[in-house]
Each structure stands twice: as structure tokens, then as C-alpha cells.
Amino acid sequence: MLDRLLSLYSISVSIAHTLVQVIRLIFESFRFAWNALTTNLLRTILSLLGVTIGIFAIIAVFTIVDSLENSIKNSFAFLGTNVINVEKWPYGFDGNYPWWKYMNRPQVTYAEYEFLDANLKYDNGVSIYAERGGNTFKQGNNSSSGNHLLGVSYTYADVFEFELESGRYFSPQENANAHNAAIIGVNIAEDLFPNASALGQTIKIRGLNYQVIGISKREGESIIGTPSKDNAVFIPYKAFLKLYYSGQYGGLGSTIAIKGSDADPGLLNLEAELQELMRRYRRLKPLDEDSFALNRTEAIANQIGIMFQAIGIAGWFIGGFAILVGGFGIANIMFVSVKERTNIIGIQKSLGAKNYFVLLQFLFEAIFLSLIGGGLGVFLVFLITLIPMGSLEVFLSFKNIILGLSVAAIIGVISGIVPAFMASRMDPVIAIRTQ
């Protein structure tokens, strides 16, 4: 028992001694690095400039890319997430597919929406909607032009995010009976009712009166000009059909949108079920081609992601050359530092300093210097995010901060490993005699 206690005590003392050595090593490395910075400040600044510019270039590109990608993806939020749309036209066309086959396809109908709603199992909501742009809405002497009008089913809010600033959503009775009820965007509310609340008031759409029952929550402008709820009016789908015709072979096209279930990763079961039900409803024979398109909303997001990946690779090339120059600058500082401290290295080794202690001392110094340059580059990117850029919200993510500092640390290791190795292999007798 006593032997075991002595063994544990010995191990604890060894660990404590190692920790003290590591802390001492880090402290001395920081002290030497700070001396290197302050002794010849101009030389240090010029040497670190390459790392600063390189990290700035890479992180700035990634920050702008992430901000643009996020803004563009948010611009397509009106298409929904985890959603499959049943439509006449596909999002992507096969160049070998004759265009007239698409033209001859029937459009989706309200009866098909009801059929899918009643029979689907792998869904979290089914909706049908149709839209028309370029509308002018009026109220008394006020008007609002160039807006979108959407006819939506009662289940629209089950598929798409639909938040209200005030008022309420359509009731099932209003939807089923094609009541002239409307939910309007905040910009339209401000145009038509500048000095009063819009709730309970009436607006004219193509000569018909519609009662305002709700105002949608403000979304803000899209960076690429995609439709925003701020400039849209929503009415029941059947009320929309009183204004614009939408049939199987004419008029405006409608879209049936189906929200996928969380228990169906990849929406594979939902897609297979949709294909089977639509073919059954349209009485297609086994060898007949599909007369409809199943469009996944994430297809657009994937294409956007691929495009920005290519831009990110270009960012690595842009910053890579600057970092390469910065690496040579760090290496230059370290070679000079080793030469200036040869005598000190000899004294340290004569007093019992191990090779690894000297090596890590200079290596930590190189990493510290490189991190200073990288930190300055990241800070410059942060300053850019404070500049207003209109509808583009630029943000510096924690991931990019870590990336910038990690790249700087790696450059420090690569730049400092050779000088540190040379310092660790010095003969203490020869080194201590060096003046």
C-alpha cells in the first residue's frame, strides 16, 4: 500500500514538474517574442505584413462569400425548406428533352391538391398556391403598384413560414367559400393606410373589395430582388380564381407544395409516394412518362453552394501568395533571432536546457508572431463588417475567426521549424563563445 502511495506521489510530482516547465517555456517564448517585436519594430511590422494581408484576404473572401450565400439563400426562403413542389415545369431542363412535351403537360389543379392532401402519408402539410405579379391595389385615393398577389389554400401556413405582425390568418370557411379576405404586406399597408391601421379596412383588387384581416411580418429587401411578403397580398385560393383563371390546360399555373416529414431524411419516401399518387390520379400507363415535375427547393440552394465553393477556392489562391510571403518574413525574423541569441542559447544549454526545450521555445515564438499577424488580419475583416452595405448583411462567423488564426498558427510552425531546429542542435561550448 505504501509503495503504491509513493508511486502515485512520484507520478504527481513528475506531472507538476512538467506543467511548470511547459508554463515556463510558454512564458519565456512570449517574452522573447515580445522583445523581438519591440527591439526592431519596423522590421517586425514589415515581416508580419505578409501574414496580415494573407489572412485578411482569405478571411475577407470567406466572410463576403458566407454573407452573400446566406443572403441569397434567404432570398429563396419563399420557396420553403424541406419542400417538394408539384408543377408543370421542372427547375432544370434536360437539353435532350423536347420542349413541346413540357408545353403539352397539364397544370396542377385544386382537385389534385385535395387528392394528395387526403392520401399522402410522408408529409407535414400540403398546400396549393398561384401568384400574379405587377398588381395595383387601391384604397380611396391611395394606390400601391408593382406588387404580387397570391392565392393560397388554408394549409399554406403549414408548408411555409408565415408570421403575422398583426391580425389573423384565414379561417377554413373563408378559404372554402372564397371570401374576399386579404393579408397584406407592411409596405402595402403603409402605402394604402399611411395614417391609420389597415386591419378591418377594405382594399380594391381588380375592382373587387377585399377586407384586410392581417398584416404579414416585415421581411426586408432581398439582395437579388426575389418576391417579399412586404410587397405581397395573400387571398384565399378560390378567391384568387375569381380574379385569374387557373385550369388544367390554361390560365396561370398553380403549384402544389408538400412539406416533408422529419422522419423521412432526403424526402425519398415522399418523392416516391408523390410520383405514385400523381401517376395514379392522372391515369398514366406504366410505360408513360411523368406528365408533371417534382421540384426540390434544396436544388437551388445546392447550386448556390457549388458556385460559392468555387469562389472560396479562388480566395485561397488570392491569400495563399500573400501568406507565402508572410511565411518567409516570419522565417527571416526567426533566423535573425537565433543568430542574435546564440550566446543565450549556449548559456541555457550549459545550464541543462534540453534540445526540445530550445526547439519549442523558438517554435512558440514563431507561432506567437504569426498569430499576431493573423489576428490583425482578422481584426481588419471585423472592421469591414461594421460598414453598412445596404441589403447585404456582412458578418464574421466564429468559424472564419478560428480558420484565420489556425492558418496563421500553421504558417508559424512551418516558418519557425527550421530556425528552431538549428537552435536546438547548437553545441553549447561553441554557442556560448559566440559574440
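The values are calculated or read from the model by the stated rules, or taken from the named source; none is laboratory data. Here the structure is a predicted model, which means the values were calculated and not measured. Methodologically, a virtual Cβ is constructed for each residue, glycine included, from the backbone with ideal geometry; neighbour enumeration extends over all protein chains shown. For accessibility, only protein heavy atoms count, side chains too; no ligands or nucleic acids. Shrake-Rupley method; radii C 1.70, N 1.55, O 1.52, S 1.80 Å.
Taking residue 123, is it charged (D, E, K, R), under 28 Å from the mean Cα position of the chain (by Cα) and surrounded by 20 or more Cβ atoms within 10 Å (Cβ to Cβ)?
yes
Output the qualifying pairs, or none if there are none: Cβ atoms under 8 angstrom, residues six or more apart or on different chains, first residue in region 198-222 and over 21 Å from residue 238 (Cα atoms) and in contact (Cβ under 8 Å) with a residue 40 or more places away in the chain, second residue among the hydroxyl-bearing types (Ser, Thr, Tyr) and part of a loop (DSSP other than H, G, I, E, B).
Note: pairs meeting the criteria are 220/228; 220/391; 221/228; 221/391; 222/228; 222/391.
So, of the residues in region 255-296 that are without any contact (Cβ under 8 Å) to a residue 24 or more places away in the chain, within 20 Å of residue 114 (Cβ to Cβ) and outside any loop (DSSP other than H, G, I, E, B), which turns out to be most open to solvent (accessible area, probe 1.4 Å)?
280
Which one is farthest from the chain's Cα centre (by Cα), of the residues in region 143-185 that are aromatic (Phe, Trp, Tyr) and within 20 Å of residue 81 (Cα to Cα)?
For region 143-185, the residue satisfying everything is 154.
Any residue at all in region 307-318 that's open to solvent by 50 Å² or more (accessible area, probe 1.4 Å) and among the small types (Gly, Ala, Ser)?
yes
Out of everything in region 319-360 that is surrounded by 14 or more Cβ atoms within 10 Å (Cβ to Cβ) and of a type in the set (Ser, Thr, Tyr), what residue ends up being nearest to the chain's Cα centre (by Cα)?
The qualifying residue nearest to the chain's Cα centre (by Cα) is 337.
Restricting attention to region 91-112, report how many residues are in a loop (DSSP other than H, G, I, E, B) and either surrounded by 16 or more Cβ atoms within 10 Å (Cβ to Cβ) or at pLDDT below 75 (or both).
The qualifying residues number 11.
I need a count of the residues in region 175-190 that are assigned to a helix (DSSP H, G or I) and out of contact with any Phe, Trp or Tyr (no Cβ under 8 Å at 6 or more places or on another chain).
4
What pairs come up if the first residue lies in region 25-53 and is within 20 Å of residue 353 (Cβ to Cβ) and among the aromatic types (Phe, Trp, Tyr), the second is in a helix (DSSP H, G or I) and at pLDDT below 75, and their beta carbons are under 9 Å apart, counting only those six or more places apart or on different chains?
none
Could you list all residues from region 136-153 that are open to solvent by 10 Å² or more (accessible area, probe 1.4 Å), part of a strand (DSSP E or B) and over 13 Å from residue 246 (Cβ atoms)?
Residues satisfying the conditions are 136, 138, 139, 142, 143, 145, 146, 148.
Name the residue, out of 81, 18, that is closer than 30 Å to residue 272 by Cβ, open to solvent by 70 Å² or more (accessible area, probe 1.4 Å) and either modelled with pLDDT of 70 or more or touching a Ser or Thr at 6+ places or on another chain (Cβ under 6 Å) (or both).
None of the other options fit; the residue is 81.
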